[in-house]
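The structure appears below as structure tokens.
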Amino acid sequence: MTRETPLTVAVIGAGIVGLCAALEIQRAGHRVVIIEPDEPGGRQAASYGNGAWLSPAAIMPISVPGLWRKIPRFLLDPTGPFTIAWRDLPHLACWLTRFILAGRSWRRIETCVAARYPLCKGTVTDHAALADEAGVPQLITREGLIFVYRDRAEFLAEAREWRMRAALGVRFSEIAEADLRRLLPQLGPAYRFGARLDDGGQVADPGAYCRALAELAFKRGAMRVAAGATGFTIAGGRLSAVETEGGPVACDRAVIAAGIGSRALAVQAGDAVPLISERGYHVVIPDPGIALAAGLMPSDGKMAVVSTPQGLRVAGQVELAAVSTPPDWRRADILLGFARTMFPALAETFDSATIDRWMGHRPSTPDGLPCIGAASACPDLFHAFGHAHTGLIQAPATARLVAALIDGRKPPFDPSPYCARRFGG
Ligand SMILES: Cc1cc2nc3c(=O)[nH]c(=O)nc-3n(C[C@H](O)[C@H](O)[C@H](O)COP(=O)(O)OP(=O)(O)OC[C@H]3O[C@@H](n4cnc5c(N)ncnc54)[C@H](O)[C@@H]3O)c2cc1C
């Protein structure tokens, strides 16, 4: 449904969340101005370098009961999936405490899961429809996703999570060792069991996909302001402009979708959200000698392993560190080490000189939920950030919710769990 008088809506940030929001807001009949200092979906964006997984089953928050007991082990393991930059600890301690407390009971997890599911469930269909519209249907594949385990006991250790997924209707099938070997002949002997998410999919090339969505938005009339947003002009409680490094951009509404850059803007919008970067890394191995139909995730490395046009992408690691701390490329090399364990016969050909290494910022709140909805300081400002590990998955549903809220339409699902005021900031 479109309203009679179109609004001018500024979308701040052209990562996957901002781009999906821009397209959905255009669909509702409004004019869009995209404010982004860099290339849409360029290397600065988490949306460029992520694991490309589209999983309707991404319902679990990272902080779950018992995690705090595992953290010391993770921290002592130099090749583990989780690390903290100790010099940044004072800055991170408060977030970390809230993060652990958020996962302190299964009752809390069930509430979180119920709030995450509407954001995840339609992801593959939604992205496939967007890719069709953008003329790049080949960029969304629907071959499922496979978790690989050392044995079935490891899988059963996560039985509770899998039961929660099944209860929501997520379909998966177990893969016994012989079938796993047939499916993935190059997979190393360390992995002897699999679980396949039948309805999972992948973005073949996340950067190219973002570029295609941006082109579609521009073709449909979106304006581009190539500058960073710095604040807002609010008079009489109503928004009149987004302030940028290049001057004010007049608008009726604005959406804060600037990934990790959203924190400072949210403060100006009246919401001091505890948003930090869970930094992640990827390596892309060109000419790896293997083409995966379905994305993989090994239980030990907790990383996404996907084929992309540039090569085999291995994306993962959680490094809690300040945004400005230089990348620690040893984290990328850990990913490469896992890739060698996964595919031992190919390990020799994984030439580290030709490998592309990347680091990006997952914009993360402590409770596993993004911030979506009107800001406290002004009803014309809307949050759409904080999607942490699953922003690619959750972007289309976030966009639909934001577009409905901007128009005052009935939201497609309950927005209250994502309210920024839940942090009491
Ligand atoms: C290693 C890794 C693996 C991941 N794997 C997956 C996965 O498999 N599936 C999944 O769903 N998610 C995954 N994620 C998470 C996902 O990438 C993010 O949640 C998502 O990309 C966030 O999108 P975004 O648009 O909010 O932010 P971004 O993609 O970071 O985009 C934000 C944009 O805002 C711009 N910006 C910043 N400040 C300003 C400002 N002041 N004014 C204007 N513009 C500004 C930036 O330049 C940037 O272009 C992964 C992340 C990492 C790091």
Hand me the trypsin sites (Lys or Arg not before Pro) from the range 310-384 located in a DSSP loop with no more than 16 other Cβ atoms within 10 Å, in residue order please. none
For the range 332-382, with all protein chains present and a 1.4 Å probe, just round the carbon and sulfur fraction of the accessible area to a whole percent. 54
Rough spin-label spacing in nm, given labels placed 7 Å along Cα→Cβ, for residue 310 and residue 347: 2.6
In nm, give the distance between the simple-model label positions of residue 158 and residue 31, each being 7 Å from the Cα along the Cα-to-Cβ direction. 4.8
If I ignore ligands, DNA and RNA and count only protein heavy atoms, how much of residue 31 is accessible to a 1.4 Å probe, in Å² to the nearest 10? 130
Straight-line reach from residue 302: which aspartates and glutamates fall under 16 Å, measuring Cα to Cα and dropping same-chain residues less than 8 apart? 77, 151, 154, 158, 161, 278, 319, 333
Using a 10 Å Cβ count of at most 13 others and DSSP loop calls, identify the longest part of the chain lacking such GluC sites (Glu not before Pro). 5-244
With a 1.4 Å probe and every protein chain left in place, tell me how much accessible area residue 25 has, in Å² to the nearest 10. 0
On a straight-distance basis, which lysines could pair with residue 410 in a cross-link, Cα separation under 29 angstrom, same-chain partners fewer than 8 positions away excluded? 121, 219
The range 1-158: D in µm²/s via Stokes-Einstein (Kirkwood Rh, Cα pairs, 20 °C, 1.002 mPa s)? 110
In Å², rounded to a whole number, the accessible area per residue of the range 1-135 with probe 1.4 Å is 44
Heavy-atom accessible surface of the range 12-102: percent carbon and sulfur, 1.4 Å: 63
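When ligands, DNA and RNA are left out and all protein chains stay put, how many square angstrom of accessible area per residue does the range 282-421 have with a 1.4 Å probe?
33
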Given the protein chains as shown and a 1.4 Å probe, how many square angstrom of residue 91 are accessible, to the nearest 10? 110
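The values are calculated or read from the model by the stated rules, or taken from the named source; none is laboratory data. Since the model is a prediction, treat every value here as computed from it, not as a measurement. So basically every Cβ, Gly included, is an ideal-geometry build from the backbone, and we count neighbours across all protein chains shown. For accessibility, only protein heavy atoms count, side chains too; no ligands or nucleic acids. Shrake-Rupley method; radii C 1.70, N 1.55, O 1.52, S 1.80 Å.
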